1. Which is open to solvent by 40 Å² or more (accessible area, probe 1.4 Å) and at pLDDT 95 or above, of 39, 17?
2. Can you name the residue in the stretch 20-29 that is assigned to a loop (DSSP other than H, G, I, E, B) and more than 16 Å from residue 92 (Cβ to Cβ) and, of all such residues, is least open to solvent (accessible area, probe 1.4 Å)?
3. Might you check whether a residue that is within 14 Å of the chain's Cα centre (by Cα), open to solvent by 40 Å² or more (accessible area, probe 1.4 Å) and aliphatic (A, V, I, L, M) occurs anywhere in the stretch 60-68?
Amino acid sequence: IDDDAFKVSVLSMGNPHCVIPVEKVDAVPLSELGPKIEHHPWFPNRTNVEFVQVMDRKRLKVRVWERGAGITLACGTGASAAAVALANLGRADRQVTVSLPGGNLEIEWDKESNRVFMTGPAQEVFQGSLELD
């Protein structure tokens, strides 16, 4: 991207994710890099983008660029993708706390079933109505 090269993990949680480990997640210019990676030719259907800082083997800090939406406060599949990617790289345990701007999620990648489990709070952030003609 531009003059920068990134080592990425690409995986699906039912939707596409591009996970990028970084030293300082708060220093990432997410509003600039997110759309460039989302629309990169490698991703003809576009992708979600997660920048991940490993705090320690049990804690990850993540910022998300969600395809079609932009910067988001939280993303369950993004947190799951980050946890699986960093565990697969040997940089995190299979059970971690993922800190996102909107709060923390507990992610467990179960070894026996190969399933990913997410635990965390749900909070209503919007109400609206739609009138159909």
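The values are calculated or read from the model by the stated rules, or taken from the named source; none is laboratory data. In this text, all values refer to a predicted model and were calculated from it rather than measured experimentally. All Cβ positions, even for glycine, are placed from backbone atoms using ideal geometry, and neighbour counts span all protein chains on display. Accessible surface is based on the protein model in full, side chains and every heavy atom, while ligands, DNA and RNA are left aside. Shrake-Rupley method; radii C 1.70, N 1.55, O 1.52, S 1.80 Å.
1. 39
2. So the residue we want is 28.
3. Checked the stretch 60-68: no residue is within 14 Å of the chain's Cα centre (by Cα), open to solvent by 40 Å² or more (accessible area, probe 1.4 Å) and aliphatic (A, V, I, L, M).
Yes/no per residue for (1) in contact with a His (Cβ under 8 Å, 6 or more places away or on another chain); (2) of a type outside the set (Phe, Trp, Tyr); (3) part of a strand (DSSP E or B):
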position	(1), (2), (3)
64	no, yes, yes
71	no, yes, yes
81	yes, yes, no
84	no, yes, no
105	no, yes, yes
111	no, yes, no
117	no, no, yes
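So that you can scan it fast, the table gives a plain yes or no per residue for (1) touching a Gly at 6+ places or on another chain (Cβ under 6 Å); (2) within 20 Å of residue 16 (Cα to Cα):
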position	(1), (2)
61	no, yes
74	yes, yes
78	no, yes
82	no, yes
87	no, yes
96	no, no
103	no, no
